[in-house]
Amino acid sequence: MATAPAPDTAQTLCTLLDMVRTGKATTRPELGAHTGLGRKLVAQRVADLLAHGLLEEAELAPSTGGRSARQLRFRRRAGLVLVAELGYTSIGVGLADLGGELLAHHEEPTDVVAEQPEPLLNRVEELFDGLLADLPHDAPPLWGVGIGVLGPVDAAAGCPIPLSMMAGWGGYPVRKRLAERFDVPVWVDNEVNLMALGEYRGTPGHQADDLAYVKLGSGVGAGLISGGRLSRGARGSAGEIGHVRVVDDPSAVCRCGATGCLNLYAGGSSLAAAASAAAKAGDSPALAARLEAQGRVDARDIAEEARAGDPYCVSLLNRAGKMLGRALAALANITNPSLVLVGGGVAYSGDLLLAAIREEVYRLTFPSAAHDLRIELSPLSDRAGLVGAAFMVTDELLSPARLPRWIDAGSPAGLAEIVHS
Ligand SMILES: [Zn+2]
């Protein structure tokens, strides 16, 4: 009888570590039962992970009749990760542990679309320096940097793919620059992808292996998790639902050049323009009063006035929800998620928008794709992107392709073959 080949050591280490990290199995007997590996092999590999400081022993598991097994815990404070996200109108930075928990974070308004990469990344580095300077002297070492940027990203190369609206960013070596500056490995992805990842990995009990995260910002974008993995598409452009045509109207021209795009009806920029016009035309006394007091009105004003019952704002959000529902029904029919999470400023207008989205999605989605489909607000809210950036880094560092390259050194920091690979 042929014997099975000895499991690859790195793969086994990563599998066991992953099970403990995600809580799928937290004792040696559970690890054996879930992986089918023998008791001796599990004991050896767990001993390796304990010796390398990636796992630690915790309390005894509740007894199930026999002798209680010792629980194992991932050492999430073994290292730290610097995280950043560049949205349309703000930059956010943070410091996270290896379990995706934000230990500190900071956000500031910036016109990201109008900025070139140099000054913007100068500012990100300055904010990172500030976060590191505030750490106590006995803090864990920095293990990596994760950053989310606008537009499609070549995740393997760590740089944005050329996009006309972001002049200067196409091909800019974001990873190389930050890796040289901080001497740790760096990963880059699209900011909405990272929001999807943050919700998937950072919200225990709320996870679905097939989920779509929809960000309602200046434009509408989506991040897709399919079978537990981020789905980026061939050129990093998966999830660009803002440019799905939802209305057949040749006079409604999007800045992408096409007509009837979702962004024209549900994007924050378009909503703000509609609100401003309505205020000036006298269609909404509530918005007119806000325009008078603030000098401008935006999507948040619409959301707040809709909640207060202003008929114009209610109808504007209803239409936005309906159009979002159309695009999401198409998305649901094609990708069949079990969970759609809606986040971004406009999403927090109360139940009105969500109700309009749900109504249209359930009306238009094929019954088998609509079955068990939940549509909820994003639980992590504005932290989703930073949390996702932290998980992107730890998932990469602890993957079978990378872990063997640094585990014996105790930390990936400063190792040329992993920092600059
Ligand atoms: Zn468009």
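Structure values in brief
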| read-out | value |
| --- | --- |
| Elements of type helices (runs of 4 or more DSSP H) in the stretch 326-416, at least 2 residues being within 24 Å of ALA238 (Cα to Cα), among the β-branched types (Val, Ile, Thr) and outside the structural domain of LEU264 (by TED's automatic domain parsing) | 384-397 |
| For SER251: the one exception among (1) open to solvent by less than 40 Å² (accessible area, probe 1.4 Å); (2) among the polar types (S, T, N, Q); (3) more than 8 Å from the ligand (Cβ to nearest atom) | (1) |
| Residue count for the stretch 142-171, restricted to those that are farther than 23 Å from LEU216 by Cα, touching a Ser or Thr at 6+ places or on another chain (Cβ under 8 Å) and assigned to a loop (DSSP other than H, G, I, E, B) | 0 |
| Test result for ALA139, touching a Ser or Thr at 6+ places or on another chain (Cβ under 9 Å), surrounded by fewer than 23 Cβ atoms within 10 Å (Cβ to Cβ) and either in the same structural domain as GLY344 (by TED's automatic domain parsing) or among the aliphatic types (A, V, I, L, M) (or both) | no |
| Some residue of the stretch 76-93 being open to solvent by 50 Å² or more (accessible area, probe 1.4 Å), farther than 30 Å from HIS137 by Cβ and either out of contact with any His (no Cβ under 6 Å at 6 or more places or on another chain) or not in a loop (DSSP other than H, G, I, E, B) (or both) | yes |
| Hits in the stretch 315-336 (condition: surrounded by fewer than 24 Cβ atoms within 10 Å (Cβ to Cβ) and either more than 26 Å from SER284 (Cα to Cα) or within 21 Å of the chain's Cα centre (by Cα) (or both)) | ARG326, ALA329, ALA330, LEU331, ALA332, ASN333, ILE334, THR335, ASN336 |
| Residue in the stretch 262-279 that is more than 16 Å from the ligand (Cβ to nearest atom), in the same structural domain as ALA330 (by TED's automatic domain parsing), surrounded by fewer than 23 Cβ atoms within 10 Å (Cβ to Cβ) and hydroxyl-bearing (Ser, Thr, Tyr) present | yes |
| Unique match (being touching a residue at least 12 places away in the same chain (Cβ under 8 Å), part of a helix (DSSP H, G or I) and over 24 Å from LEU386 (Cβ atoms)) among ALA288, ALA278, ALA196 | ALA278 |
| So ALA306, is it without any contact (Cβ under 8 Å) to a residue 40 or more places away in the chain and out of contact with any Asp or Glu (no Cβ under 6 Å at 6 or more places or on another chain) | no |
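The values are calculated or read from the model by the stated rules, or taken from the named source; none is laboratory data. Remember, it's a predicted structure, so these values are computed and weren't measured experimentally. Glycine gets a Cβ as well: all are built from the backbone with ideal geometry, and neighbour counts include every protein chain shown. Just so you know, the surface numbers come from the protein's heavy atoms only, side chains and all, with ligands and any DNA or RNA stripped out. Shrake-Rupley method; radii C 1.70, N 1.55, O 1.52, S 1.80 Å.
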